[in-house]
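Structure record follows, encoded as C-alpha cells.
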Amino acid sequence: REPRGFSSLFLPKRKSVIRSFDAEVKIFWLVSTIILSLGVRSAACLFLVFLSTVVYGFLAKAAGAHLQIVRRMFFFAAFSLVLMGAVIRDTGYLMGTVIQIASRVFIMSSAGILFALTRSEEHTSELQSH
C-alpha cells in the first residue's frame with residue numbers, strides 16, 4: 001500500500017516511449033539536464049531546460065506526477081523567499097537570486113524524480129550484470 005501523501009508519485013507500469021529507452025539514455029538525459037541547469041544564466045534558457053522535463057514527463061506518461069512535484073516545490077520556493085526576505089533587504093537582488101536558485105532546484109528535482117519514476121527493473125538488472 002502506498003503512503004497517502006505520496007500516492008501521486010507512484011506511477012503504474014505503463015508502456016511509454018521513455019520506458020523503452022535504455023538506462024544509459026535516461027542517465028545521459030538526467031546528467032545533461034543537471035549540467036545545463038547549472039551552466040546557463042538566462043531565464044529563457046532555464047525555461048527551455050525545464051521544458052525538457054515537461055516533455056520527458058509527457059513522453060513517460062508521468063505528466064500528473066510531474067505537476068504534483070512542481071506544485072510541491074512552489075511551497076519551498078515561497079518559503080525560501082520569505083526567509084531570505086528577512087535577511088536581505090535589496091528586493092531586486094532577492095528576487096533575482098530566489099528565481100535563479102528556485103529554477104535550478106525545480107529543474108534538477110524534476111529531472112531526478114522523473115528519472116527515478118521511469119526506471120525499470122529490467123534496466124536495473126541489465127546495468128548490474130555489466
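Nothing in this text is a laboratory measurement; each read-out follows from the coordinates by a stated rule. Because the structure is predicted, anything quoted here is derived from the model rather than measured. For neighbour counting, all protein chains shown are included, and Cβ atoms are generated from backbone atoms with ideal geometry for every residue, glycine included.
Looking only at segment 49-63, which residues have a backbone nitrogen under 19 Å from a spot 7 Å from the Cα of Val31 in the C-beta direction? Counting backbone N atoms under 19 Å from the label point, the list is 53. Cβ-Cβ distance of Ala23 and Arg72, R₀ of 22 Å, FRET efficiency by 1/(1 + (r/R0)^6): the value works out to about 0.25.
Modelled spin labels at Tyr93 and Arg119, positioned 7 Å past Cα toward Cβ, are 4.1 nm from each other.
Among the trypsin sites (Lys or Arg not before Pro) in segment 18-85, which ones are in a DSSP loop with at most 15 other Cβ atoms within 10 Å of the Cβ? Mind listing them? Hits after loop and neighbour filter: Arg41.
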